[in-house]
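S.K.: There's a structure below that I have some questions on.
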Amino acid sequence: MKPKTEEFLNFLLWSAIHLSRPTYRGLNFSYEEWVYRDGFNYQIKRLEKKKLVERNLTTSPDDRVYRLTAAGRLRALGGRDPAERWARPWDGFWRLVLFDIPNGHDAERIRLYRFLRDKGYGPLQKSVWITPDPLEEEAAIMADGKINVGSLALFKAETCGGESNPALVERAWNFAEINRHYSRHLKILDERPGGPLKNETTAQAFRDWAANEQAAWLKAVEHDPLLPNQILPTNYLGQKSWKRRTEVLEEAAKQLQTFQFKPATS
């Protein structure tokens, strides 16, 4: 998806009343239409085609009232719902992926590394990765082909030699780096321009801030495995950042309603 469309989807997310659920909202002349005045209808049709927004068919045919779909909301959040991920239950078992890919198969090794990182696994060692979540998808993939336990094996395990779960988490994920990303995001949240959007200068400053906020949030959540609450580090900043983001973006949504500036038409 193009960056401009991603930005538009993000505006739809947080200009709703609450980040916690998709909400119907009117799309008459608005801040978003000013930002995308050369392609406003195109952006809506593009998102509707991808099933990221949907029209409220209970309104008049002349009304342009849409809402984010569940998929659209997840896309704007970075692909995962942090609150849902933190709140998911954990059965106390770790799932391990162990592999030994022979030399000369570097492309396969890189693909596996990328898959594991994208799924939120953490490396205890280069060839031992862990996750607190069930391996249903991975097991299904392996079931489709011949299993070579010398190259790849999946385990469900718990510690038995005095190892602590906090120590495993600290080893497998770089929460110092994760917290640095969240610290930057928190700083950007505090830099939101105040006051009504009454001219092109103030509106553009607001738009620039919104773009920076979105980029900082996506960068932070991209590196975060969003572990269950039971095993999150005590100094973890992700939940603080999420709570503050919800507060600031709801304030920003009210600020959007002050937008009255209409650029001159040629």
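S.K.: May I ask you to verify whether Asn229 is modelled with pLDDT under 95 and in contact with a helix residue (DSSP H, G or I) (Cβ under 8 Å, 6 or more places away or on another chain)?
M.R.: Here the answer is no, as Asn229 does not meet what is asked.
S.K.: Ok, one more. Looking only at segment 191-209, count every residue that is part of a loop (DSSP other than H, G, I, E, B) and under 20 Å from Glu250 (Cβ atoms) and tell me the total.
M.R.: 7
S.K.: Let me ask another. Residue check: is Glu163 modelled with pLDDT of 95 or more, outside any helix (DSSP H, G or I) and of a type in the set (Asp, Glu)?
M.R.: no
S.K.: Of all residues in segment 113-130, which are without any contact (Cβ under 8 Å) to a residue 40 or more places away in the chain and in a strand (DSSP E or B)?
M.R.: Gln125, Val128
S.K.: Name the pairs: first residue in segment 243-255 and under 15 Å from Leu13 (Cβ atoms) and assigned by TED's automatic domain parsing to the domain that holds Lys198, second residue modelled with pLDDT of 90 or more and not charged (D, E, K, R), Cβ to Cβ under 7 Å, at least 6 apart or on different chains?
M.R.: Arg245/Leu189; Arg245/Trp217; Val248/Leu189
S.K.: Okay, moving on. For segment 212-226, indicate whether the set of residues that are in contact (Cβ under 8 Å) with a residue 40 or more places away in the chain, in contact with a Phe, Trp or Tyr (Cβ under 6 Å, 6 or more places away or on another chain) and not in a loop (DSSP other than H, G, I, E, B) is non-empty.
M.R.: The answer is yes; a qualifying residue exists.
S.K.: Just to verify a result, which residue in segment 66-90, among those that are more than 20 Å from Ala216 (Cα to Cα) and of a type in the set (Gly, Ala, Ser), is farthest from the chain's Cα centre (by Cα)?
M.R.: Ala87
The values are calculated or read from the model by the stated rules, or taken from the named source; none is laboratory data. Only a predicted model underlies this, so the values are computations on that prediction, with no experimental measurement involved. So basically every Cβ, Gly included, is an ideal-geometry build from the backbone, and we count neighbours across all protein chains shown.
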